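Encoded as structure tokens, the structure appears first; notes follow it.
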Amino acid sequence: MRIGVLKEQSDKRVAIVPAVAKKLADLGATLQIESGAGANAGYDNNAYDGANIIDRAAVLQRSDVLISINPLPEDELKSLQKNTLLISEFKPFFDKDVSERLKTQGLRAISMDMIPRTTLAQSMDVLSSMASIAGYKAVLTAANILPRYFPMMITAAGSIKPSKVLILGAGVAGLQAIATAKRLGAQVEAFDTRTAAKQEVESLGARFVEVAGAKEDTGAGGYAVEQDEDFIKRQREEVQKRAMNADVIITTAQVRGRKAPILVPSSTVEKMKPGSVIVDLAASTGGNCELTQDRQTIQHKGVFIVGNSALADEMPEDASTLYANNLLNFLKLIIKEGELNLDFENEIVQSAFITH
Ligand code: NAD
């Protein structure tokens, strides 16, 4: 079985790093890597010892399984052999007809973002791996822009108060942001609609902000559900009170398959101190701040607003390593004795395979 690995088109990461390529070879697969695939993540062609390094057209034509982090451009699908198994993040919750388009072309697809968020699948969960990096990088990005210290400083030239950081959404990214901001010495408050988040926030030494009456649904697979207008209004009021004192707000609140809730309207941004920073990790799904522009940093009345949901891309070496380890754990499930073996009785395979 030939596994092809493509170079990402506008992303510094690579889906398979050299150490994982070796382990895939041990599973009996033949690896064909697009020349330069790992270059931006710090892995040159020579590092992929034992793999075939070939050009993109050859990888596309000669692979039984084709791996990339981002889906390949539609016009390249034509050059693939029928029945090729594509493994990427197809985001079918947002790109609603992607499964049909792939099926029409005679292709099969595994979407890594559809792997269930269960204990059993934890080692394959690319969303968590990347969200954790994004949470860490969001804090570092804010600290870089902020014209103030994060930690308290007592110096001969005077004392500096610690910065106040408000985190909205305490899922994987939010919790990593809390831990990172605490390590840098900031005072941290966080909010989430899931009550389970309270204990996690407090165990990291941050204060949990309570807004009563959030809707929860145990049937939503651990994900948050959309809140009603009354709740969002009360939440915005609570956020506004805290935003006025905050130096940094990191927003990560998302509801799967929906536009992100607006938790920081313009009126709140206008009440923040000049020089304060908002990093909006929900930018790609509309943003939690009303003024966010995806993939841009803007300034509004002295407040910096960074809209970026792809911060994992800014730490490409470790992001690629974790991504590749997640992929390896998944591939071990679907490769038996060097051949593809898709067991649709398995819940993980069943959920991730989007071209049934
Ligand atoms: P996500 O990226 O979908 O959303 C980020 C956070 O925003 C979530 O914690 C969500 O509750 C919160 N949120 C949504 N609407 C909000 C609002 N109006 N106000 C405030 N917060 C709001 O979440 P995620 O980080 O991908 O995690 C989703 C869930 O999956 C969590 O329950 C997480 O613990 C769980 N999870 C489980 C596993 C596992 O068991 N293997 C792995 C990863 C995540």
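The values are calculated or read from the model by the stated rules, or taken from the named source; none is laboratory data. This one's a predicted model, so the numbers in the text were calculated from it and none came from an experiment. Cβ: placed from backbone, ideal geometry, glycine included. Neighbour counts: every protein chain shown. Note: areas computed on protein heavy atoms with side chains; ligands, DNA, RNA excluded. Shrake-Rupley method; radii C 1.70, N 1.55, O 1.52, S 1.80 Å.
Among the GluC sites (Glu not before Pro) within segment 297-354, those in coil by DSSP and having at most 16 neighbouring Cβ atoms inside 10 Å are 337, 345.
Expressed in nm to one decimal, what extension gain is obtained for the pair residue 57 and residue 157 from 0.36 nm per residue of sequence separation less their Cα-Cα distance?
Numbers: separation 100, 0.36 × 100 = 36.00 nm, distance 6.24 nm.
Gain on stretching residue 57 to residue 157: 29.8 nm.
Please list, in order, the residues from segment 195-232 whose amide nitrogen is less than 11 Å from a point placed 7 Å along the Cα→Cβ vector of residue 96. Within reach of a label on residue 96: no residues. Karplus-based coupling profile of segment 340-351, in residue order and whole Hz: 5, 9, 8, 9, 6, 6, 7, 4, 5, 5, 4, 6, with θ = phi - 60° in 6.51 cos²θ - 1.76 cosθ + 1.60 and x standing for Gly or Pro. Answer rounded, prolate or oblate for segment 215-344, using the Cα gyration tensor with square roots of eigenvalues a ≥ b ≥ c: rounded when a/c is under 1.5, else prolate when a/b is larger than b/c, else oblate. Note, shape of segment 215-344 comes out oblate.
Only Cα pairs under 8 Å and 6+ residues apart enter the sum, and on that basis the relative contact order of the chain stands at 18 percent. Take the Cα of residue 2, go 7 Å toward its beta carbon, and the backbone nitrogen atoms of segment 37-52 under 12 Å from that spot belong to 52. Among the lysines, which fall within straight-line cross-link reach of residue 23, defined as a Cα-Cα distance under 18 Å, with same-chain neighbours fewer than 8 residues apart omitted? Answer for residue 23, where 18 Å is the Cα cut-off: 332, 336, listed by chain and number. About the centre of its Cα atoms, the chain shows a dipole size close to 820 debye [charges on the beta carbon of Lys, Arg (+1) and Asp, Glu (-1) only; nearest 20 debye]. The residue 203 and residue 19 beta-carbon pair, evaluated with R₀ = 35 Å, returns a calculated FRET efficiency of approximately 0.60. In the context of the full set of protein chains, the chain has a per residue accessible area of 45 Å² (1.4 Å probe). Measuring against 26 Å, Cα to Cα, the residue pairs 12/161; 137/259; 161/233; 182/241; 12/91; 12/198 contain 12/161; 161/233; 12/198 as the ones spanning a longer distance. For the pair residue 238 and residue 83, the difference between a 0.36 nm per residue extended length and the Cα-Cα distance amounts to 50.5 nm. Of interest is the spacing of the C-alpha centroids, which for segment 105-149 and segment 44-64 amounts to 26 Å.
For residue 337 and residue 117 in one chain, what is 0.36 nm times their gap in residues minus the Cα-Cα distance, to one decimal in nm?
Values: separation 220, 0.36 × 220 = 79.20 nm, distance 2.75 nm.
Computed gain between residue 337 and residue 117 is 76.4 nm.
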